[in-house]
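Here's the structure we're looking at; comments come further down.
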Amino acid sequence: MNKSPQTSSSAKFELVRVLEALESGDENQINNLQIQNNDLTQNVALALKSIEAVSRSFFKTENIALTV
């Protein structure tokens with residue numbers, strides 16, 4: 001699956017931002033990036049749990065429908 005140019009540019013921008021923060025040694029900026037990363041990680045984990053719950057519900061419903 002190819003990424004859109006916009007997604008690729010956004011990812012590159014974020015990477016540059018992280019590298020600049022690390023190079024500068026600005027602890028506040030680095031801490032802010034770590035907080036943002038933690039928030040994103042939590043959001044992804046919640047999204048995966050939601051997908052899992054929907055998948056389980058769907059397949060449970062499908063199994064019932066198939067056995068009736």
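Just so you know, all these numbers are worked out from the coordinates, no wet-lab data involved. Just so you know, these numbers come straight off a predicted model, no measurement behind them. Glycine also receives a Cβ, built like all others from the backbone with ideal geometry; neighbour counts cover every protein chain displayed.
Net charge within 12 Å of Ile30 by Cβ-Cβ distance, Lys/Arg positive one each and Asp/Glu negative one each, not counting Ile30 itself?
Summing Lys and Arg as +1 and Asp and Glu as -1 gives -3.
Can you work out ³J(HN,Hα) from phi for every residue in region 23-28, in order, using Karplus 6.51 cos²θ - 1.76 cosθ + 1.60 and θ = phi - 60°, giving whole Hz and x for Gly and Pro?
5, 6, x, 5, 4, 5
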